[in-house]
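Notes follow once the structure below has been shown.
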Amino acid sequence: MPDPLPFIIDCDTGIDDSLALLYACASPEASIVGVTCVGGNVDAQQVALNTRAVLELAGREDIEVALGRETPLVRPVQTAPETHGPRGLGYAELPAPRRPLSDRHAADLIIEEARRRPGELTLITIGPLTNLGLAVLREPELPRLLRRWVLMGGSYRSAGNTAPTTEWNIHCDPEAAKVAFTAFAKPGLAARPLALGLDVTERAKFTPEHMGRLARRSGSQPDETLGDGGRESSSIASNPIVRFTADALRFYMEFHSRYDGFYGAFIHDPLAVAAALDPSLVRAEAVTVDVELGGTLTTGETVTDWRRVWGRPPNLDVAVEANAEEFLDRFVERVGGLAERLVNVAS
Ligand code: BDR
Ligand code: CA
């Protein structure tokens, strides 16, 4: 097998962020250099707690976790308790993390690790772009020091999920997104950033059927992930990762059932991690994208020049198709496999 891909995840953990972390921990071709935390789905302090708790659930207490800036560059903090629950992990409860936070700032961790291995590190952002915006302001060479930046954010041809044309991660800190998109528009990058917006991440629909398959793959008992009260009750699965995933996703599925018309969940962030590890999961087109900052209705929109009327060179590879079925199978296999291995190690 080739050397594992070193990467940093910048996240606002968050239900689907937590699943992205589990997927990363379950992926043999991945080497997680560090995880950095940004406010978004919940406030940044809660993100830092959730992130460490999830990594410890996955048996990865060794990974450095750093907290970043706690407010967007310009705007006030916004969080999404309706979508992710008051503490960000739906109905799931995890023990308080044992490992302390890093004493590095998230932006410094990103810069220092990129300088340590120029051209090798992939940065995956699955939250608002505050830390990355700050990092490129501190180190304008960052885009050239990275192997690639892969982001979950934006809606390029599809509708938004926060405002009619605006996706959550860009909506929370549009100024940071603008700073980052501009910085990565430089010539001479090893690769154009890969952007997964709602266009593709809303194809990654995780259903109760996937949850059942994941539980069976892990060997959890009983293989029914719900409690006696069915969809109303907490999971009684014996396996801690299965129990966590079922309880977190139950909240997310209820949200999607209210707002998106299906009992299931879009697992945006894990798809971004999976595509960073294996870009063949998506087909992307090189386009020029800018961020609306002055709209009365559209601030935070990722304005995309599909017809090339601006005449500016492309700055993003935007994913336009995804092999969602293959990704969901991989998710079930990998996270179910991790859940099984950890129980066997512990017993
Ligand atoms: C994005 O917003 C957050 O709620 C999710 O974690 C994901 O990163 C989807 O718009
Ligand atoms: Ca997220």
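Some points to look at:
- With a cut-off of 13 Å between beta carbons, the residues surrounding Gly39 carry a summed charge of -4, where Lys and Arg count +1 and Asp and Glu -1.
- Available extension along the chain between Tyr259 and Glu61 is 67.7 nm, counting 0.36 nm per residue and deducting the alpha carbon span.
- For region 119-196: rounded, prolate or oblate by the Cα gyration tensor [a/c cutoff 1.5]: prolate
- For Val282, net neighbour charge (Lys/Arg +1, Asp/Glu -1) across residues whose Cβ lies under 15 Å away: -3
- The chymotrypsin sites (Phe, Trp or Tyr not before Pro) of region 1-101 include none that DSSP puts in a loop with a beta carbon having at most 13 other beta carbons within 10 Å.
- Stretch gain in nm, segment Ser280-Arg117, where the contour uses 0.36 nm per residue and the Cα spacing is subtracted: 56.2 nm
- Taken along the Cα-to-beta-carbon direction at a fixed 7 Å, the label points for Glu209 and Ala163 span 3.8 nm.
- For the chain, the per residue solvent-accessible surface stands at 39 Å², with DNA, RNA and ligands left out and a 1.4 Å probe.
- Label positions at Thr298 and Ala96, each projected 7 Å from the Cα along the C-beta direction, are separated by 4.8 nm.
- Stretching Arg341 away from Ser31 to a fully extended chain increases their span by 109.8 nm, per 0.36 nm per residue minus the current alpha-carbon distance.
- Of all accessible heavy-atom area on the chain, the percent that carbon and sulfur account for (1.4 Å): 50 percent
- Under the combined filter of DSSP loop state and at most 12 neighbouring Cβ atoms within 10 Å, region 31-124 retains these trypsin sites (Lys or Arg not before Pro): Arg98.
- With helices as the sole contributors, the chain gives -11500 deg cm²/dmol at 222 nm; each DSSP H run of n ≥ 4 counts as -39500 (n - 2.57), and the sum is divided by every residue.
The values are calculated or read from the model by the stated rules, or taken from the named source; none is laboratory data. Not measured: the values here are computed from a predicted model. Because the Cβ atoms are built from the backbone with ideal geometry, glycine has one as well, and the counts that use them run over all protein chains shown. SASA here: full protein model, heavy atoms, side chains in, ligands and nucleic acids out. Shrake-Rupley method; radii C 1.70, N 1.55, O 1.52, S 1.80 Å.
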